[in-house]
Amino acid sequence: MAKAYICLSFIILLYISSGSVMRVNAQSQGDWCVAKPGTSTEQLLNNLNYACSKIDCHIVSKGGACYSPDNLYNQASVAMNLYYQAEGRHFWNCNFEGSGLIVITDPSDGCCKYEFRK
C-alpha cells in the first residue's frame, strides 16, 4: 500500500509541476496538416494530386517557393496543408486515407512558408 501512495504522490507532484508545460500546448498559435512520416510514395502522389485538384497549388509548382522536385514528402505536405486550411481546418480535411497528421509546430522551412488561417 505504501508503494501506491508514493506512486500517487509522485504523479500528483509531476502534474502540479508540469502546469507550465501543459499551457504551452494550450496556447498553440495554429495547426497545420502534413504527411505522416513513412507515407508511401504512391500515397504522397495521391495526396498531392487530390489536394491540387481542389485548390491552387502554384506554390509547389516549378518556380514556386515550395517547389522541391527531389522531396515529394514536403511537396505533398504543403499541398495537404493548403487544402486543410482552405477547407476550414477540420480534422477530417487532414485524413488523406490515414496519411495526414495535424501538427501544432509550424513546419515552414526557409522560403517555404506553410499557410495558416485563423
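The values are calculated or read from the model by the stated rules, or taken from the named source; none is laboratory data. Worth saying up front: this structure is predicted, and the values here are computed from it rather than measured. So basically every Cβ, Gly included, is an ideal-geometry build from the backbone, and we count neighbours across all protein chains shown. Calculation scope for accessible area: heavy atoms of the full protein, side chains included, ligands and nucleic acids excluded. Shrake-Rupley method; radii C 1.70, N 1.55, O 1.52, S 1.80 Å.
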Are there GluC sites (Glu not before Pro) in segment 62-117 that DSSP marks as loop and that have at most 13 other Cβ atoms within 10 Å, and which are they?
E97
Where does the charge balance sit around T41 when Lys and Arg score +1, Asp and Glu -1, over other residues with C-beta under 15 Å from its C-beta?
-2
Would you kindly find the accessible area of S61, with a 1.4 Å probe and non-protein molecules such as ligands, DNA and RNA excluded, rounding to the nearest 10 Å²?
60
